[in-house]
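The values are calculated or read from the model by the stated rules, or taken from the named source; none is laboratory data. Every value quoted in this text rests on a predicted model; they were computed, and no experiment measured them. Every residue, glycine among them, receives a Cβ derived from its backbone with ideal geometry; neighbour counts consider all protein chains shown. What goes into the accessible areas is simple: the full protein's heavy atoms, side chains included, and nothing from ligands, DNA or RNA. Shrake-Rupley method; radii C 1.70, N 1.55, O 1.52, S 1.80 Å.
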Amino acid sequence: MCGIVGYIGPKKAADVLVNGLERLSYRGYDSAGVAVMDEKGRLAVRKTKGKLEQLKRLLEESPVDGCTGIGHTRWATHGEPSDLNAHPHTDVKGGIAVVHNGIIENHEALRKHLEGCGAVFASQTDTEVIAHLLNELYDGDMLHTLLRAQGMLQGSYAIGVLCDREPDQLFCMRCDSPLVAACREGEGFLASDVPALLSHTRDVVFLQDRQVGVLSRQGLRVIDEYGQACEPSFFHVEWDQSSAEKGGFAHYMLKEIHEQPTALQNTFAPRSRLGDFQWLPLSEDTACRLRRITIVACGTAYHAGVMGKYALEQLARIPTEVDIASEYRYRQPPVGENELLIAISQSGETADTLAALREAKRRGASVLAICNAVGSTITREAGEENTLYTYAGPEIAVASTKAYVTQTEMMIMIAVALGVMRNTLSMERAEALYQSLRELPSKAADTLGLEGRLQQIASRMSSRKHVFFVGRSVDYALSMEAALKLKEVSYLFSEAYAAGELKHGPIALLKPGRLVVACVTQPRVLEKMLANLQEVRARGAEVLAVCPDALAQQVRPQADELIVIPDTDEWLAPLLAAIPLQLFAYCMAVARGCDVDQPRNLAKSVTVE
Ligand code: M6R
C-alpha cells in the first residue's frame, strides 16, 4: 500500500527520503511527496501526482534544504490521486507535517469538529485531519500531543510527523499499520517497511501498536501509550540490500520465481529431521487431541491454505476448514475445545487475516501463524513461539510466488508432522515424503528451464481473452492459484474450476478460441481428468496441460501444448507445477505489455479492509 520514510541526521534529507521511497515503490503508488525541515524549523513541502520521477523533477526545480524530513508514496483511498491529496499534509499554519498509512475511520466527524475550530482543509484525504488535530491539541510537546491524539483517532495508522517548534526531532506512531524505526551514530530513520532501511542499517525496531517513536541525532526513544519509556528492542534483519533488489532480472516477479529453489530449501532446512518435530509448537498430546483446524488467509495465501486442507485431512486425518479471512472475521465462527486456527500470510500485515486471528483468539482458539516477514504484526499477535517462518526472503513483486510455494511446503510439512504424531501416517510413508522434500529444491530449479518454452507459448496465446484453469483434488487448489496469478499480472479474465464441475455449467462457455489450462499431477484422478479434457477439446477449446514426466505419455494426446515437470511425490507435484504456471502468467503479462511488478489497482500488502 502506501509507503512512509523519515530521516534525521547530517545528510540532505530530500536525497535520503527519495532513495527510501524508491525502495518502497514496489508497493504501488499514484503520488509522492516529501516535507523537509531545516535547523531553524522552516518546513517545506514538495508533492505531486504521479511517479517518483516527477517528484525528483519538482525537487530539482524547487529544491528543499534541511536534514530532517518525512516522505510518502500514496495509493489513493480517500480522494483521487492529485497533487493536493498527495502526502505530506500540513495544518493551517504549515508548522506540522504528517505522512500517514492506513485509514482514519472517524475522519468525517473529526473534520467537522476541526472545521468548527477554524481549520481549513486543502485536500479530500482522511490524513489531513491528523495534521489539523495535532495542531489543535498541540501543547508545546509533540510527544505528549501524539499520545493525546491516540484517544481521538479511530482506524489504522502509521504516521510520521514533523513539527517546526521541535526541529531536532522526528516523531512517529502506529496502530494496526506497520512502522519500523532505526538509528545509528548521529542519524535516525523511519519507514513503513524494512527495504527502505537496508542501505543504512539492518538493525531495526518494529514499533508496536500505540507506541510513539521519537528520533533525533542522539538516537531513538520509544514511549508506550501511557507515556512510559520502553527499551527499544532491536531486531537484526538477515536480508541485505541486494536481496531486496532485482539482481539483473527484468522484474522482481521473475527474480522471485528464480529464488524458489533456495526459498524451498530455507523453509525445509530447519525442520528437516524426521521425527524431531520440536519446530512445531504443538505437543504430541495436543496434536492427538486436535478435533478441527481452521485455516484463514487471503489471496495466494488462501490457496496455500486450500492445499493445506487436503494434506491435513488426508495425512493427519484432522477435519480442516479453510476460510477467506474477510469472511471468517464476520461470520461469528463457533470455536470449541481442541481446535487450532492457522493464519497464513506472507507480509504478516494483511488487515483481514490479522482481524481473523484476533477474532479466533478472542473466541478461545489456539493459534499458529505461518509468515514470511519477520517481526510483522501477525507474528507478534500470534506470539513468536506460535509462529512458523517460511524464510523465503523479501518478496517485493505484488504477485506472490516464492511465498506461495513455501507456504504450501510448510502446510505439507505440518501435515506430515501431525500425521506421524497422531499415528495416521506411517514412518515409511513420512520418510518417502521427506526424501522428496529434500529433492524438491533441485527439481524446482529444473522447472525453471521451462521459461523459454513458456515464452513461446505465451507469445502465441497472449491475445486470448478468457482462460480457464481446471484440476481435481490438490490440482484444483493449484488451479485457483494459477488463475489468480494470470489475472493479476496479465489482466486476462481467468477462472479456476474443479474439473468435475465443468459439466455443471462452465462448459457452456467453452468454444473455439478459449484456452483451458489443465493441471494433471495426480495419478489417482488421471482417468477422470483425461475424460474432462476430451470434453473440452470436443468443444473446440485449446488445452495447455501441465503434468509430471510419468504421466506425460497419457496426457499428451489430450493436450495441444504440454509442459512436463520432473516426477516427485504426489503431494509435492502441484507445488512443482506451480512454477511453470507462474512463469506462464509472467510471460503472458510481458507479452501483453503489462506492468508486471506493480499491477493495476493492486498493492503488495493490503493493510486496510
Ligand atoms: O501478505 P499476505 O500473504 O497476507 O497477502 C495476501 C494476499 O493479499 C496476497 O497473496 C495477494 O493475493 C497477492 N497479490 C497474490 O499474488
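Considering each residue of the range 31-41 in turn, none proves to be of a type in the set (A, V, I, L, M, F, W, C), under 34 Å from the mean Cα position of the chain (by Cα) and part of a helix (DSSP H, G or I). When residues of the range 572-609 are filtered for being touching a Ser or Thr at 6+ places or on another chain (Cβ under 8 Å) and under 25 Å from residue 371 (Cβ atoms), how many remain? Total meeting the criteria: 16. Close contacts from the range 391-414, counting a first residue that is small (Gly, Ala, Ser) and a second that is away from the ligand (no atom under 13 Å from the Cβ), with Cβ to Cβ under 7 Å and a gap of 6+ residues or different chains, come to 392/263; 392/266; 392/267; 393/239; 393/243; 393/259; 393/263; 397/251.
Contact map, the range 370-383: first residue within 11 Å of the ligand (Cβ to nearest atom), second residue of a type in the set (Lys, Arg) and not in a loop (DSSP other than H, G, I, E, B), Cβ cut-off under 9 Å, separation 6 or more or different chains; pairs are 372/402. Taking the listed residues 608, 546, 555, 564, the one that is open to solvent by less than 30 Å² (accessible area, probe 1.4 Å) and either in contact with a His (Cβ under 6 Å, 6 or more places away or on another chain) or in a strand (DSSP E or B) (or both) is 546, with no other qualifying.
For every residue, the table says whether it meets (1) in a loop (DSSP other than H, G, I, E, B); (2) farther than 30 Å from residue 201 by Cα.
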residue: 221; (1), (2): no, no
residue: 270; (1), (2): no, no
residue: 275; (1), (2): yes, yes
residue: 279; (1), (2): yes, no
residue: 293; (1), (2): no, yes
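Is it true that residue 160 is out of contact with any Ser or Thr (no Cβ under 8 Å at 6 or more places or on another chain) and open to solvent by less than 50 Å² (accessible area, probe 1.4 Å)? Here the answer is yes, as residue 160 does meet what is asked.
Of everything in the range 396-433 that is open to solvent by 10 Å² or more (accessible area, probe 1.4 Å), in contact with a Gly (Cβ under 9 Å, 6 or more places away or on another chain) and part of a helix (DSSP H, G or I), the residue that is nearest to the ligand (Cβ to nearest atom) is 420. Of the helices (runs of 4 or more DSSP H) that lie entirely inside the range 90-193, those containing 2 or more residues that are basic (Lys, Arg) and at pLDDT 95 or above span 107-116.
One residue stands out among those in the range 488-506 that are surrounded by fewer than 19 Cβ atoms within 10 Å (Cβ to Cβ) and in a helix (DSSP H, G or I): the one that is farthest from the ligand (Cβ to nearest atom), which is 503. In the set (1) modelled with pLDDT of 95 or more; (2) open to solvent by less than 10 Å² (accessible area, probe 1.4 Å), the condition left unmet by residue 31 is number (1).
Taken over the range 508-543, the criterion of being of a type in the set (A, V, I, L, M), within 21 Å of residue 477 (Cβ to Cβ) and assigned to a helix (DSSP H, G or I) is satisfied by 525, 526, 529, 530, 531, 533, 536.
Residue pairs whose Cβ atoms lie under 6 Å apart, separated by 6 or more positions or on different chains, with the first residue in the range 54-77 and closer than 12 Å to residue 14 by Cα and the second of a type in the set (Asp, Glu), are 65/38; 66/38. If you take the residues in the range 327-343 that are closer than 17 Å to residue 609 by Cα and surrounded by 24 or more Cβ atoms within 10 Å (Cβ to Cβ), which one is farthest from the ligand (Cβ to nearest atom)? Residue satisfying both the conditions and the ranking: 328.
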